[in-house]
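See structure below.
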Amino acid sequence: MKRYQREIRLFTSLLFGSLVSLSPLPATDFFVAPVAVEDADGSFANPWSIETALKHPQALNPGDTLYLRGGLYSAPDRLLFRSRVQGADGKFITIRPWRRERVRIDGGLEVLGAWAVYQELEIFNSRTLRITAQPGPFPSDIVQPAGITVYAPNVKVVNNIIHDTSTGLASWKDASDNEFYGNIVYNNGWMGPDRPHGHGAYMQNKDGHKLLIDNVVFNQFELGLQIYGTSNTFLNNFYLEGNILFNNGSLGGAYSRNLLLGGTIRAASPVVRDNITYFPTNRDHGGENNIGYYAFGAGCSDLRLENNYFISGSIALTLFDCTVSSFRGNTLLGSTRAFSSSTYPSNTYLRPADRPSGARVFVRPNRWERGRAHVAVFNWDRADRVSVDLSGTGLEKGDLFEIRDIQALDGRPVLAGIYDGQKVSIPMTSTAVTAPIGTVPNPLQHTDREFGVFLVRKSGAATRTESETLGLRLEAETASLSQGSYPVSEPAATGGCAIGAMNTSALAAIRFELPLEDEYAVWLRVRAPEFPTPSFAASFDDGWTDLSTIPSGTMQWQWVRLNGEGESPDTRLYPRISQLTAGQHTLNLKFESTDLMLDSIYISNDLYSVPPELVSDSGAMCVTPESIEQ
């Protein structure tokens, strides 16, 4: 027991050491952009190229942060960027996007420098060839690199999205004390004539520990997590906690292994705790978890297998030639192989025919980002919706949040809104999936409503200083009006003037200028007596979004947040947040109801603020702009 407690303290220090070491220190921020400027010095105004930054320029010191501006970074020939960025003991250099900008790297990333954190990057490969006639692991025509390959010790890979590469994550035997946390890994690999190839992660380890925590790994061509090695390598001290692994092998045409831990060298002291794995329960299809590498492996020693939830219509767990320190608290639905359940009675063993009822929900809060979490839902009754408690995620009342289906990350949120502290109702009827890049032999399908995985995020922007907080109020009558929109005197409106519509083609275009690039929310002061009332189709600058609606009809003026999903029963839950550059913009509004009137617009980068109270002026004259178009 004392030994076990010492190990838990060790793992706790490893898990939370990243947060301690990244606490505020005297440091400098540097910047990278997809298109660098001449005489770049890494400043915000003169950013480096990514190639320059990853070569570790002299200006970059331990404790600094390297911010990547949003956009696409294409590696030469879509192959590799090599990073030599290196911090010092306890002083990590962090490479991450600026604010919430989306950074996409087309190609792989090789990490050669220690004491570095790679965070919130999207890494993929745009090459479309996914089928080859060449057998083996190194076909000459399939040249996608791995997403992130780590060769250095003391590296943390955190909250990245990695897809459509050869293998998502790789870390080899000498890269000790690596941590892979919160990553989402999918659609990796290719098809050969011999078999499918490519895994979510492929790893080995000699010294120190290797941590894989709270990653979501699904829909590879072959395996999910492959912790495997032959007799000339090492599989020591792997710690797996809170990973969600499902349907790996699906792109290869047959469910494979969500987890393989073992090889022809004995795996020493693995800890496998609180992980969640799933293959469909409706048939025997071959999907499994395999610890010890049955039937050809050397097994494992000093295994701790605790509180996992392994679900499969085939084999929930194969445990081969392992000495066990702890095997308890696990739920295994499916058959078992190479061990007897009576040997380890402190677990729940179920057959697919004995599937539970109700719902089992797992919420895994993110230790690096407040308000972020992975949610796995086992919807045993196949209900349309499941109630989920998000109170432990770090969300606070008043926070904006969104919930995305992991299997369709680029789609719209399945739920979004302002968090009120109550349970949320997540729909389980989604069928959309993120399509693989290129041609694959086996089309993807969304999991049955029996199982779903979701990403929860606080959808607000970073904390700003008072000088960076902007609130801009615009009067509707200053808009350019056309196609049936018109100004109207309205005593309860600010300035005594509003605009209305004679038909549902009426347009209003409101021009404004922003001093800085940021995320912005838009509020509209409207009056509409009907409920539900479609209010506007809306866009910034060009193109039209889906409808924005008001939450209730009333003859009183009210502020409503510009939202989306006008046809959805959850329309109130979709605030529209727009990334806008500094400079001139136009907000285009098209009336969808002739019963609607618009008074004022409020645009702010404080996504949690509400518009200030406006004072009406019933004595004011409604003056129409000269720019009205007849």
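Odds and ends about this structure:
- Here residue 120 meets the list (1) buried (at least 23 other Cβ atoms within 10 Å of the Cβ); (2) closer than 16 Å to residue 182 by Cα; (3) not aromatic (Phe, Trp, Tyr) almost entirely, failing just condition (1).
- Within the range 129-136, none of the residues are of a type outside the set (Lys, Arg) and buried (at least 18 other Cβ atoms within 10 Å of the Cβ).
- Of all residue pairs spaced 6 or more apart or on separate chains, those with beta-carbon atoms under 6 Å, a first member in the range 486-500 that is on the phi > 0 side of the Ramachandran plot and in the same structural domain as residue 589 (by TED's automatic domain parsing) and a second member that is among the acidic types (Asp, Glu) and modelled with pLDDT under 90 are 495/617; 496/617.
- Count of the range 6-36 residues which are β-branched (Val, Ile, Thr) and modelled with pLDDT of 75 or more: 3
- Residue match in the range 449-458 (condition: assigned by TED's automatic domain parsing to the domain that holds residue 375, surrounded by fewer than 21 Cβ atoms within 10 Å (Cβ to Cβ) and assigned to a loop (DSSP other than H, G, I, E, B)): yes
- Some residue of the range 212-219 being of a type in the set (A, V, I, L, M, F, W, C), under 21 Å from residue 442 (Cβ atoms) and more than 17 Å from the chain's Cα centre (by Cα): no
- Scanning the range 94-104 for residues that are in a strand (DSSP E or B) and of a type in the set (Lys, Arg) yields 96, 104.
- Subset tally (residues that are under 27 Å from residue 70 (Cβ atoms) and either at pLDDT below 80 or assigned to a strand (DSSP E or B) (or both)) for the range 536-586: 27
- Residue check, residue 319 within 19 Å of residue 450 (Cβ to Cβ) and at pLDDT 95 or above: no
- Of the strands (runs of 3 or more DSSP E) lying entirely inside the range 303-362, those carrying at least 1 residues that are over 27 Å from residue 250 (Cβ atoms) are 322-328.
- Against the list (1) surrounded by 18 or more Cβ atoms within 10 Å (Cβ to Cβ); (2) farther than 16 Å from residue 189 by Cβ, the condition residue 125 fails is (2).
- Filtering the range 483-522 to residues that are crowded, with 21+ Cβ neighbours inside 10 Å, within 16 Å of residue 595 (Cβ to Cβ) and of a type in the set (Val, Ile, Thr) leaves only 499.
- From the list 224, 229, 192, the one residue that fits, being crowded, with 22+ Cβ neighbours inside 10 Å, small (Gly, Ala, Ser), closer than 19 Å to residue 252 by Cα and not assigned by TED's automatic domain parsing to the domain that holds residue 364, is 224.
- Checking each residue in the range 47-92 for being within 18 Å of residue 107 (Cβ to Cβ) and of a type in the set (Ser, Thr, Tyr) picks out 49, 52, 73, 74, 83.
- Matching residues, the range 53-93, being in a helix (DSSP H, G or I) and modelled with pLDDT of 95 or more: 53, 54
- Residue 472 being within 30 Å of residue 282 (Cα to Cα), of a type outside the set (Val, Ile, Thr) and surrounded by 13 or more Cβ atoms within 10 Å (Cβ to Cβ): no
- Scan of the range 332-347 for residues that are at negative phi, within 35 Å of the chain's Cα centre (by Cα) and buried (at least 18 other Cβ atoms within 10 Å of the Cβ), ordered by number: 332, 333, 336, 347
- Taken over the range 197-229, the criterion of being in contact with a Lys or Arg (Cβ under 7 Å, 6 or more places away or on another chain), aliphatic (A, V, I, L, M) and touching a residue at least 40 places away in the same chain (Cβ under 8 Å) is satisfied by no residue.
Yes/no matrix, rows are residues, columns are (1) within 24 Å of residue 192 (Cβ to Cβ); (2) buried (at least 24 other Cβ atoms within 10 Å of the Cβ); (3) in contact (Cβ under 8 Å) with a residue 12 or more places away in the chain; (4) in contact with a helix residue (DSSP H, G or I) (Cβ under 6 Å, 6 or more places away or on another chain):
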site: 248; (1), (2), (3), (4): yes, yes, yes, no
site: 251; (1), (2), (3), (4): yes, yes, yes, no
site: 257; (1), (2), (3), (4): yes, yes, yes, no
site: 260; (1), (2), (3), (4): yes, yes, yes, no
site: 264; (1), (2), (3), (4): yes, no, yes, no
site: 267; (1), (2), (3), (4): no, yes, yes, no
site: 276; (1), (2), (3), (4): no, yes, yes, no
site: 287; (1), (2), (3), (4): yes, yes, yes, no
site: 292; (1), (2), (3), (4): no, yes, yes, no
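- Test: residue 324 is of a type in the set (Val, Ile, Thr) and either in contact with an Asp or Glu (Cβ under 6 Å, 6 or more places away or on another chain) or farther than 22 Å from residue 244 by Cβ (or both): yes
- Answer residue from the range 587-606, given it is of a type in the set (Ser, Thr, Tyr) and assigned to a strand (DSSP E or B) and is farthest from residue 494 (Cα to Cα) among those: 604
The values are calculated or read from the model by the stated rules, or taken from the named source; none is laboratory data. As the structure is a computational prediction, the values presented were derived from the model and not from experiment. Counting neighbours? That spans all protein chains shown, and the Cβs are built from the backbone with ideal geometry, glycine included.
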